[in-house]
Every structure is written in structure tokens, then in C-alpha cells.
Amino acid sequence: MCDRFDVCAPPPVGPLPTVVVAAAAQPGMSTMPVPTGHDGRHEREVMALKKLLLVALAAVGGFFAYRQIQADRAEQELWTEATDPVPAAPVV
């Protein structure tokens, strides 16, 4: 629970609450408790999304690193070509 200043209290610790569901189809059957909490599926989904985001960020980072390396190589080739010594005139 959070107050108006966004100060949140930790979630309560303890067993999950249960709801008693009556069997409506057959009279005389006993009631059975059904857990109302989640089964950890949400946490697994969040972890899967975090992993997917991490892989996507790594791929984007790798792509930009590759482009930077290619640009550096192209610039180095231009400088090499521009600073090569002039070849001697052919002797005829």
C-alpha cells in the first residue's frame, strides 16, 4: 500500500488467502478451498521479458559497435590512400 507521498509499505508476509468455493452442480458435496494467490507465472514472465530486453540491448550495442568499426576502417583506408608516397614516373 502506498500513501499520497508514494511511500510504500512492504507486502504482507504469510500464507496466501483462500476462498471457499461451493460445488453448485451437485448438492451435498463438500466445499473446497481454492488459492487466490498467483502461481509464480507473473514472476517468470517478468524475468523472461528482462532477459529478452537484455538480449535486444546487447544486439543493438553490437550493431552500433560494428558500424563504428566499419567507419573507422573506411577512414583509415582514406588516410592511407591520401598519405601514400607518390609513385615514380615510369621510365620510357
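The values are calculated or read from the model by the stated rules, or taken from the named source; none is laboratory data. Worth saying up front: this structure is predicted, and the values here are computed from it rather than measured.
Here are a few things to note about the model shown:
- Of the criteria (1) among the acidic types (Asp, Glu); (2) in a helix (DSSP H, G or I); (3) at pLDDT below 95, which one ASP39 fails: (2)
- Residue match in segment 68-87 (condition: in a loop (DSSP other than H, G, I, E, B) and at pLDDT below 70): yes
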